[in-house]
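The values are calculated or read from the model by the stated rules, or taken from the named source; none is laboratory data. What you see is a predicted model; the values in this text were computed from it and never measured. We place every Cβ from the backbone using ideal geometry, glycine too, and count neighbours over all the protein chains shown. Note: accessible area is taken over every heavy atom of the protein model, side chains too, but ligands, DNA and RNA are not part of it. Shrake-Rupley method; radii C 1.70, N 1.55, O 1.52, S 1.80 Å.
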Amino acid sequence: MTATPELEVKTGDVPPPEPPRQRTLGGIALHILSIHGLLVFGIALVLVFALLLPSTFTGGSNIRAILGNNTTVAMLAMAEMVVIATGNYDLSIAYGIGLMHIVAMGLLTDANVPWPLVVLLTVAAGGVIGWINGALVEYAKIDSFIATLGVGTILYGIGSWYTNGTQLVGNVPQAFADLNDAKLFTLPLPTYMVAAVAIIAWICLEHIPIGRRLYAIGSNRRAAELTGVPARRLVMGSFVASGLIVGLAGVLLAARLQVAQSSVGPEFLLPAFVGALLGATTIRPGRVNAWGTIVAVLVLAVGIAGLQQLGNSFFTEPIFQGAALIISVGLAGFAARRRKR
């Protein structure tokens, strides 16, 4: 019986393991700032405005107003986020919601279509517009920035043609108006719809394979295709999903305004873009994500509401949105670079 030769281990060839790094207080602060910097900024805004406006800002009516008045921007930001995940842009969302609320009002007041069918048709129309956007990008090989800008301009023209540049008014069924006016546990119904869209987007992007594939396409499409990801089909799907969300947002906007005109819509483009891009700086830094988008929209809404209550002029709103975008992205990038050192 021969003895089993013992393995000779040359410990001198293997470098000793590095001791675990001790996180300093500054490192922990940078880590929190790089991931939750936008949320910290939002909390700071709330505290500042609560001190400056103690009798109005923290009241329940103000909180409900902030949540209720920003559902349109939140919806459009979610629609934009889905497309950005694939590395594309959708500039037609603002023009799309303008046409969709005209479609809803036209079906209700001119065609006397029952309101549940109006909801379905309007949402479906949004999906068709999303499909057209996707087809132009994927089959016609037109850059998404140009394709969706062109589609948006056409949508704006169609809305102007239908309304003849005037307001579209008529009797709106109370059940349709309740889509915006109804409350559940004191919160407006559209707030729950935004939450439902966010939960669906969160599940799709973070917890099922389709989300990882969308992110892979947005990160490196060629590499994703080499691993078998059906990029064309998924990009088309992202545009259709974006269009469906825009259609739903158009329904809610029609229920809120109860009047339609073609000039409504473009003013939502910048806040929606800022919301989607700011959302990529928090929760999941470096990529767009559902809850980051919601946090971004809420931070912007809190800031704008506070500035308005302080009596600032109308032009402070876009200045605040642009400054918040630059500061948040800058802080997130600075913190990320410090962590890599």
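If a residue must be in contact with a Leu (Cβ under 7 Å, 6 or more places away or on another chain) and either at pLDDT below 75 or open to solvent by 30 Å² or more (accessible area, probe 1.4 Å) (or both), how many such residues does the range 296-315 contain?
Of the residues in the range 296-315, 2 are in contact with a Leu (Cβ under 7 Å, 6 or more places away or on another chain) and either at pLDDT below 75 or open to solvent by 30 Å² or more (accessible area, probe 1.4 Å) (or both).
For the range 172-190, what are the residues that are touching a helix residue (DSSP H, G or I) at 6+ places or on another chain (Cβ under 8 Å), assigned to a helix (DSSP H, G or I) and without any contact (Cβ under 8 Å) to a residue 60 or more places away in the chain?
Result: L189, single match.
Starting from the range 57-69, keep only residues that are polar (S, T, N, Q), then list their pairs with residues that are in a helix (DSSP H, G or I) whose Cβ atoms are within a distance under 7 Å, requiring at least 6 positions of separation or different chains.
Listed by first residue and then by second, the contacts come to T58/A50; N62/A305.
Kindly evaluate V264 against the criterion of being outside any helix (DSSP H, G or I), aliphatic (A, V, I, L, M), over 18 Å from L99 (Cα atoms) and at pLDDT below 95.
Taking the combined requirement at face value, the residue does not satisfy it.
Here is a yes/no grid of residues against (1) in a helix (DSSP H, G or I); (2) open to solvent by less than 60 Å² (accessible area, probe 1.4 Å):
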| residue | (1), (2) |
| --- | --- |
| T148 | yes, yes |
| I154 | yes, no |
| G170 | no, yes |
| Y192 | yes, no |
| A195 | yes, yes |
| A201 | yes, yes |
| A224 | yes, yes |
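So, I326, is that one surrounded by fewer than 22 Cβ atoms within 10 Å (Cβ to Cβ), on the phi < 0 side of the Ramachandran plot and modelled with pLDDT under 80 or not?
Judged against the criteria, I326 is a match.
Just to check your reading of the model, which residue among L91, L117 is part of a helix (DSSP H, G or I) and either open to solvent by 20 Å² or more (accessible area, probe 1.4 Å) or aliphatic (A, V, I, L, M) (or both)?
Just a single option satisfies the conditions, and that option is L117.
Quick grid of which residues meet (1) among the β-branched types (V, I, T); (2) under 17 Å from the mean Cα position of the chain (by Cα); (3) within 24 Å of L107 (Cα to Cα):
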{"residue": "T166", "(1), (2), (3)": "yes, no, yes"}
{"residue": "L187", "(1), (2), (3)": "no, no, no"}
{"residue": "I199", "(1), (2), (3)": "yes, yes, no"}
{"residue": "E206", "(1), (2), (3)": "no, yes, no"}
{"residue": "R232", "(1), (2), (3)": "no, no, no"}
{"residue": "F239", "(1), (2), (3)": "no, yes, no"}
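May I ask you to verify whether E206 is surrounded by fewer than 18 Cβ atoms within 10 Å (Cβ to Cβ), among the charged types (D, E, K, R) and without any contact (Cβ under 8 Å) to a residue 60 or more places away in the chain?
no
One line per residue, one yes/no per condition, for (1) assigned to a helix (DSSP H, G or I); (2) open to solvent by less than 20 Å² (accessible area, probe 1.4 Å); (3) under 25 Å from A196 (Cα atoms); (4) modelled with pLDDT of 80 or more:
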site	(1), (2), (3), (4)
T2	no, no, no, no
G27	yes, no, no, no
S34	yes, yes, no, no
G42	yes, yes, yes, yes
F57	no, yes, no, yes
T72	yes, yes, yes, yes
G87	no, no, yes, yes
